[in-house]
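Below is one structure, written out as structure tokens, with a few remarks after it.
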Amino acid sequence: MENINEIDFSSGFLKEYKKVQERRLSDLREYFYDKKAVENILVNQNPIIYRVYDVIYDYPGGLSYSVTELMPGKVGNEYYFTKGHFHSKSAAEIYIVFKGNGILLTENRSGDTKTYNMYRGSTINVEPEYAHRSVNTGTTPLIFLAIYPTDAGHDYESIKERGFSYLIVDKNGPTLIKNDRKNLEK
Ligand code: S6P
Ligand code: ZN
């Protein structure tokens, strides 16, 4: 990968990228609260929830970046979101939003939660010890750039098992509600 690339500021898309990851609903089965709603949708379709376009500079001290295209939509009353992860190393990250509207939900291992509005031009510092999940609360794709240390590492397991402490649902508009985790009971 060359050192210079190009972002189309109006669309948010990168001219070049090393790889693209596509996440469909079936990849996010465990993540949405309403498992019945997930299965009902999967009977007929398996919608794309998001794509991540990665540019990676893999050498000591290197930074990498990616553009995420998170679709609008809901599963039950929960808005589409990214899986969410902690960085394995204590590494911060910068988000810059190009298009759409959403909420960045962040939470540390003690459950301290901080949310940030995502809108065109918003530039957000994600603190090192905070897991982060982007939620599209709008009606158009949410497109943003994330810049992070290449060796940050991505830990998905704890979020996959327990989820975040809060869900972002549509109750006459985007609303934060406590995750009672009842969906995890056997
Ligand atoms: C990477 C950064 C983003 C996410 C992307 C998808 O550190 O936070 O590029 O990877 O938004 O989310 P997730 O949780 O599936 O990796
Ligand atoms: Zn991250």
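Read-outs: derived from the displayed coordinates by stated rules, not from any lab. Treat the numbers as computed from the prediction; the structure is a model and nothing was measured. Using ideal geometry, Cβ is built from the backbone for each residue, glycine included, and neighbour counts are taken over all protein chains shown.
Computed quantities for the displayed model
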read-out: Simple spin-label estimate for S122 and F13 in nanometres, 7 Å along Cα-Cβ; value: 2.4
read-out: Rounded to 10°, Cα long-axis angle of helix 35-44 versus longest principal axis of the chain; value: 70
read-out: Per-selection metrics, the range 77-186 (Cα): Rg and Dmax in Å; value: 13.7, 43
read-out: Calculated FRET efficiency for the pair K36/E129, C-beta based, R₀ 35 Å, to 0.05; value: 0.55
read-out: Counting all C-alpha pairs of the chain, share separated by more than 27 Å (%); value: 25
read-out: Cα→Cβ-extended label distance, 7 Å offset, between R24 and M71, nm; value: 1.0
read-out: Check: the range 57-186 dipole with +1 on Lys, Arg Cβ and -1 on Asp, Glu Cβ, in debye; value: 440
read-out: Listed residues I143, I49, I94, most fluctuating in the chain (Gaussian network, C-alpha, under 10 Å); value: I94
read-out: Where GluC sites (Glu not before Pro) in DSSP loops with at most 10 other Cβ within 10 Å are excluded, longest remaining stretch of the chain; value: 7-184
read-out: GNM top mover of T123, T175, T106 - the chain, alpha-carbon springs below 10 Å; value: T175
